[in-house]
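The structure under discussion appears below in the form of structure tokens.
The values are calculated or read from the model by the stated rules, or taken from the named source; none is laboratory data. Predicted model only: the values in this text are computed from it and were never measured. Neighbour counts are summed over all protein chains in view; Cβ atoms, including those assigned to glycine, are modelled from backbone coordinates with ideal geometry. Remember, those area values only see protein heavy atoms, side chains included, never the ligands or the DNA or RNA. Shrake-Rupley method; radii C 1.70, N 1.55, O 1.52, S 1.80 Å.
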Amino acid sequence: CTADSLQKAQIDSVPVIVNHATLSSIEIKQFDYFRLLNKTLHFGKIRLADGSADILIPKYTRKDTSAHVNVLDSVKQYLQRISIADIQIINVGTHVINKTDQPEEISAHISGLYLHQFVLDESTIADSTLVAFSTSVAADVTGINIPDLDGFYKLSLDSVSFSSKDKRIQLYKMAYNSLYSEMQFSRKKGYRTTSMDLQIAYVGIEGLQL
């Protein structure tokens, strides 16, 4: 299945454009027709697997009203609630171009992303205890690469594992390296200084306050 130029709006009003997405497997289960009568779109399960996605976050200004579209505001005449019992994204490579701020480019491979009891309505938007509008989120992401973090450094991670239920995040093989030689680094900074190169095999954080 291929989808081009699919556009959606984030809750914080920054638009996200999926320029191109290719998936070998799309599975949708338990679509509840009757809940549409109450302006609720409900699925028991959505599973997207084996593919890739190119995502663009375009630059916008506060005067750009087209960018300021709340998800619920844009569909509330048709829907007041979107609920999905389980969302799974498995084996999908991603490439993100961010035009709003640094970093501008991120690539990663989503080995597994799992959202349980995803609900999007006015109450969940206001609920700061939820992660991604879900009661629990788990993710395993590999091959994370940010080739230009801030104009001076690049960042890479072999893998990241996250669980909101366990309140845990694990980072494996993190590298933070300068883009320039010592001389070039000072010239870019505009004053004499030294760059930093950092290699960390593992970082584990327990008891995250989400």
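In the context of the full protein assembly, residue 124 retains an accessible surface of approximately 10 Å², using a probe radius of 1.4 Å and ignoring ligands and nucleic acids. List the lysines whose alpha-carbon lies under 30 Å from that of residue 188, not counting same-chain residues fewer than 8 positions away? Cα-Cα hits under 30 Å: 59, 99, 154, 173. Per the Kirkwood formula applied to alpha carbons, the stretch 155-209 shows a radius of gyration over Rh ratio, Rg over Rh, of 1.21.
Note on the stretch 77-210: Cα Rg divided by 2.2 N^0.38 Å, N the number of residues, gives 1.32.
Using +1 at the C-beta of Lys and Arg and -1 at the C-beta of Asp and Glu, which of 202, 88, 170 has the Cα lying farthest in the positive direction of the dipole of the stretch 76-210? My answer, from the dipole projection, is 202. Shape class for the stretch 110-152, computed from the alpha carbon gyration tensor (a ≥ b ≥ c): oblate, with a/c not under 1.5 and a/b at or below b/c.
Couplings 3J(HN,Hα) of the stretch 32-40, computed from phi: 9, 5, 5, 5, 5, 5, 9, 6, 10 Hz, in residue order, whole Hz [Karplus 6.51 cos²θ - 1.76 cosθ + 1.60, θ = phi - 60°; x for Gly and Pro].
Residue 104 contributes an accessible area of around 100 Å² to the protein surface, as traced by a 1.4 Å probe with all chains present.
Label positions at residue 156 and residue 22, each projected 7 Å from the Cα along the C-beta direction, are separated by 2.4 nm.
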